[in-house]
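Following: one structure in structure tokens, then a few remarks.
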Amino acid sequence: MSENELQAMETKLPEIYTNDGEIIPVTQLTEKDFENMDDRTLEEVNYMFKIASKAQKTAKKVIDKRLKDGHTFSRYVYKKRKIDKFDDDNNDFKEELVEKYGFDAVKVKTPNKLREKFGDVVNKDIEPHLVHGETNYATFE
């Protein structure tokens, strides 16, 4: 462990302490619990989630970087996802799309979005210009 490394001895979920002395972990709060909260409590809980969300995004970036550097985690792993993208700038292809589908066809950046917009009829036009590949993404198992 390096001098600046932070190592937690224990991690705990945030909890809500009710007027009745009941302790409820925030992960167990139901929609009814939120509906029954007074305005101040609801605002504080929501603010806590906002702060946690920012921290989670930062932690995910660090985990992703460490995975790329070869670190391993017990619950967080790399998986592969298939991706389709268009070949590099191909002006002839773009002109064909504009003639057949209008300018909206070249505003769309991905094959899936193009299919959503124009339907499967566009498949025969885009298939010759697709590059199939894979990308890594990190996720919890």
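The values are calculated or read from the model by the stated rules, or taken from the named source; none is laboratory data. The structure displayed is predicted, hence computed values, not measured ones. Methodologically, a virtual Cβ is constructed for each residue, glycine included, from the backbone with ideal geometry; neighbour enumeration extends over all protein chains shown.
Looking across the stretch 32-67, the residues that are in a helix (DSSP H, G or I) and either more than 30 Å from residue 138 (Cα to Cα) or in the same structural domain as residue 136 (by TED's automatic domain parsing) (or both) come down to 32, 33, 34, 35, 36, 39, 40, 41, 42, 43, 44. Considered as a group, the residues in the stretch 68-101 that are part of a loop (DSSP other than H, G, I, E, B) and in contact (Cβ under 8 Å) with a residue 40 or more places away in the chain include one that is surrounded by the most Cβ atoms within 10 Å (Cβ to Cβ), and that residue is 87.
Do the conditions hold for residue 40, that is, is it loosely packed, with under 10 Cβ neighbours inside 10 Å and touching an Asp or Glu at 6+ places or on another chain (Cβ under 9 Å)?
So residue 40 fails the test.
Tell me which residues, restricted to the stretch 109-141, are part of a helix (DSSP H, G or I) and among the acidic types (Asp, Glu). Lay out the reasoning, then the answer.
As a first pass, look at the stretch 109-141 and keep what is part of a helix (DSSP H, G or I): 111-118, 120-129.
Within the stretch 109-141, 116, 120, 125, 127 meet the criteria.
Among residues of the stretch 6-21 that are assigned by TED's automatic domain parsing to the domain that holds residue 46, none has a Cβ under 8 angstrom from a residue that is surrounded by fewer than 10 Cβ atoms within 10 Å (Cβ to Cβ) and part of a loop (DSSP other than H, G, I, E, B) at a sequence gap of 6+ or on a separate chain.
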